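What follows is one structure encoded as structure tokens, with my remarks underneath.
The values are calculated or read from the model by the stated rules, or taken from the named source; none is laboratory data. Fair warning: this is a prediction, and the values are worked out from it, not measured in the lab. Positions of Cβ are generated from backbone atoms using ideal geometry, with glycine treated the same way; all protein chains shown enter the neighbour counts.
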Amino acid sequence: MKLNWFARKGIIYWPVSVIGWVILVLAGAYAVYTFIDIDSRSHSGSDTLISFVFNLLLIGLVYTIIGYFTERRVD
Amino acid sequence: MKDKDEFLKQMENLQVPDINPHDHPQLVKMAIMNAGRSAALGVWLIMVPCYFLFCVFMYYYFHANISWFEAMFRLVVSLDNNKYIDFLAPIILIVLPIIAIIINALAITHVGYQRLGPDHGKVSEFIITVKIKPLNILLILISLVIIGLFIGFAMTESISIKN
């Protein structure tokens, strides 16, 4: 089954369908949620940023894995 | 009759392509995975461990009386305190670079098996070809360095705990 949800430009997967955009928006919303959650528990700005960047990279990794398997390919 | 003679004359004057018999055995060496896609995913796979190592470096750099090992140890402990990534630490730091190595290696290598001609008896060749794709090779090397660092850290930690 071909899922043409994303198109790759360099190392970034851009959505090319409604489902792709929904996934991108969900990833962004989850990133904002983790930032607010981490910020409420951390003791300093650097503490927040260090933990948040870890989470942001993990969210980016999961998003990229989804994009990798649902990429639009020209046969 | 005249047409037939002309046709025969044309056939006799046809240019025959010059074939070099040594070029004939060449084959298309297809890799298992696409190099561009593997490089894109590989970059994301090693980004997290690279960021961790960057944090270790910064911690080491800004704390004068601390060793590299201690800096790494403290950051691993701080990872355990983060509820989102505590159980992910070994996966992030070891498994992701291994996956990056595998997908990039599959994208640049071609493995073939070939029987040699009758002059060589029953001898066969196992041929491994590596395509020179700088980004894929760089990602493999960075992943190997990351894995080496974490294995070294784990061994040092194990030895120091025993002592």
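Okay, here's what the table says:
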| read-out | value |
| --- | --- |
| Pairs with Cβ under 8 Å, 6+ apart, first in segment A:42-70 and more than 9 Å from chain B (Cβ to nearest Cβ), second charged (D, E, K, R) | A:Thr48/A:Asp39; A:Phe52/A:Asp39 |
| Any hit, segment B:24-38, residues being assigned to a loop (DSSP other than H, G, I, E, B), among the charged types (D, E, K, R), at pLDDT below 85 and in contact with a Gly (Cβ under 9 Å, 6 or more places away or on another chain) | yes |
| Residues being over 23 Å from B:Leu53 (Cβ atoms) and outside any helix (DSSP H, G or I) - total across segment A:37-52 | 1 |
| Which numbered condition B:Ile99 misses (of (1) at pLDDT 70 or above; (2) at the interface with chain A (Cβ under 9 Å from one of its Cβ atoms)) | (2) |
| Residue among B:Phe87, B:Phe7, B:Phe54, B:Phe62 that is at pLDDT 85 or above, more than 21 Å from the chain's Cα centre (by Cα) and within 14 Å of another protein chain (Cβ to nearest Cβ) | B:Phe54 |
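For every residue, the table says whether it meets (1) surrounded by 15 or more Cβ atoms within 10 Å (Cβ to Cβ); (2) at pLDDT 90 or above; (3) part of a loop (DSSP other than H, G, I, E, B).
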site: A:Arg8; (1), (2), (3): yes, no, no
site: A:Trp21; (1), (2), (3): no, yes, no
site: A:Phe35; (1), (2), (3): yes, yes, no
site: A:Phe54; (1), (2), (3): yes, no, no
